[in-house]
There are 2 protein chains.
Amino acid sequence: MDHWFITMDGSLKARWQKAFPDAKPSTPELVEKRAKSGDLVWIVTSVASWPQLTQRLVPMGLTVVLLSYAPQDKEALKALDLGARGYAHTLAAANVLRQVALVVTNQGVWVGQELLAKVIGGTFKALSQRTEVSPSADSDHLALLTERERGVALAVSRGATNKEVARQLDITERTVKAHLSAIFKKLSVRDRLQLMLKLSPIREQASH
Amino acid sequence: MDHWFITMDGSLKARWQKAFPDAKPSTPELVEKRAKSGDLVWIVTSVASWPQLTQRLVPMGLTVVLLSYAPQDKEALKALDLGARGYAHTLAAANVLRQVALVVTNQGVWVGQELLAKVIGGTFKALSQRTEVSPSADSDHLALLTERERGVALAVSRGATNKEVARQLDITERTVKAHLSAIFKKLSVRDRLQLMLKLSPIREQASH
DNA sequence: AAAAATATTGTACTGATGGACAGATTAGAT
DNA sequence: ATCTAATCTGTCCATCAGTACAATATTTTT
C-alpha cells in the first residue's frame, strides 16, 4: 500500500515525508496512471480540481483523504459526499497523519473533532426535538439572556476584557463575572472564546 | 497516559486488561480524584450517572469514551454531544479497543461507521442549502504569518486553548505561546480575542 | 403575600494567559 | 562558511478569567 501526496507542483512537504518515509509526491494528472487499488491518496484542496479528481479516484479503489490549509465545514462535507474518507488540516503533525492513515485504511472515516461535534450537535438537537421536550430554541442565542446579560455578552463578543465591560456598563468587574457565569451556563459554553464563536453569526446579521 | 475503566463495582474485565496491561479499574467517585489531564477514561453506560460524569471529566482535560452493551444511535449522539470522544461496544475486541484509544488520543473521534454515514449524510444536505462559503477576507492577514504561525492562529481562532493547540500540533504549550506572541506582534493585536475578531470571516467594519 | 427572577458586590482560590528574560537547532540564502 | 529566519523549548512572574462558596436589594410573577 503506497501513499501519494497530490499538490500542484508535486512538492513533498517534509512533514509528510516524516510521517511516511515511502510517501510519493505526484500531480493530479500522474496519480491516476500510477496509483494502484488500495493505495492512499492525499490531496491538498488548493488543487482546484480536487472534487473531480476525488470522484475519479474513489471508483478506482483508491482511498482519498483531503488536506486543507483552512478547514471549512462545508468543504469537508462535500469531500465526504464525493467519497473521500478523510478531511484533515494540511499542517497536521506527522503522528496525526499516521493515525488518519490507520483509520481510513481500516474502513473508518476521519474528520476533525470540531466538525463532528458541530454536525452531531446539530443533528442531536434535531433528533431530540422529535422525542424529547427540548427547551433550547437554537434560533437566537441572545433571546435566552436577560437584558443585562445581553449587554455583557455583546461587549465580550467584541473582544472586550472584563475590566472594559465593567467600565462600559458602569458596574464592578465582579458583577461582570457574575453575568458571564450565567451566560456561560445558559448557552452551554466554557469560556468567552466559545461565546464569541457562538455569537459571531449574530454580529454578522446585525451589521447588515 | 493512563487508562481508567469505570464500572459500578470497579471490576476490570479481562479483555480490557489484555488490551491495556496497565489499565486501572475505578468508580465514578474515585476517577475524578485520581485521573490526570490527558488520561483516557472508559465508562460503561450501565453506570447511570455517565452523562454527568462525562460532563465533569471532559473539562478536566480527560478523554472520555463510552462503552455500551447495546449501542444505540441516540445514546451515541448524546455521548458525543456531552464531549465524549468515542462510543463503542462494551464487548469490543482488545485490538479494536487499542485502535479506539489511538484515534481518540489523537484528536479523533470514534463512532460506528453506520452512525457516521447517517449523521454526515443527513447534515450535508442541510448545510449545502445555506449561503456559499464566503471568500476568506482574512487571507491578507494570514499571509503575514509563517506556516506554523498560521496553524496556531487558525486553531486559536476556532476557540482552542493553548493546551489544545499544543496537543493538536504536537508541540509544547510553551511553543504555542511563542508563536502566539509573534502572531500578536505581526498582526498588532493584544490578545487571542482580538485575533479571533481579526480572522473572523466577516467583520462589522467590513460592512460599512 | 410569597416565591422567583434579576441585578449587584464581596473574598478567595485555581488555572489560563502573555510577557520577560532566555537558549538550541535546522534549513536556506548570501 | 556566515548569516538569517523559522521552529521549538525552558523558567519566572504578573495579570486575567472563571468558579465556589457567598450576601443583599429590587422587580416581577404567581
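Miscellaneous remarks
- Top-ranked residue in the stretch B:159-199 [being within 11 Å of chain A (Cβ to nearest Cβ), open to solvent by 20 Å² or more (accessible area, probe 1.4 Å) and in contact (Cβ under 8 Å) with a residue 24 or more places away in the chain; ranked as nearest to DNA strand C (Cβ to nearest atom)]: B:Arg192
- Residues considered: A:Ser26, A:Ser46, A:Ser68. Of these, the only one that is closer than 19 Å to B:Arg150 by Cβ, out of contact with any Pro (no Cβ under 7 Å at 6 or more places or on another chain) and either charged (D, E, K, R) or open to solvent by less than 10 Å² (accessible area, probe 1.4 Å) (or both) is A:Ser68.
- For the stretch B:145-170, the set of residues classified as acidic (Asp, Glu) and either assigned to a loop (DSSP other than H, G, I, E, B) or in contact with a Ser or Thr (Cβ under 6 Å, 6 or more places away or on another chain) (or both) consists of B:Asp170 only.
- Of residues in the stretch B:49-65 being of a type in the set (Ser, Thr, Tyr) and not in a helix (DSSP H, G or I), the one least open to solvent (accessible area, probe 1.4 Å): B:Thr63
- Candidates A:Leu169, A:Leu199: the one that is touching a helix residue (DSSP H, G or I) at 6+ places or on another chain (Cβ under 7 Å) and within 28 Å of B:Leu57 (Cβ to Cβ) is A:Leu199.
- Condition met for A:Leu12 (in contact with a strand residue (DSSP E or B) (Cβ under 6 Å, 6 or more places away or on another chain) and either part of a loop (DSSP other than H, G, I, E, B) or closer than 20 Å to A:Val104 by Cα (or both)): yes
The values are calculated or read from the model by the stated rules, or taken from the named source; none is laboratory data. Being a predicted model, the structure only gives us computed values, none of them experimental. For neighbour counting, all protein chains shown are included, and Cβ atoms are generated from backbone atoms with ideal geometry for every residue, glycine included. All accessible areas refer to the heavy atoms of the entire protein, side chains included, with ligands and DNA or RNA removed. Shrake-Rupley method; radii C 1.70, N 1.55, O 1.52, S 1.80 Å.
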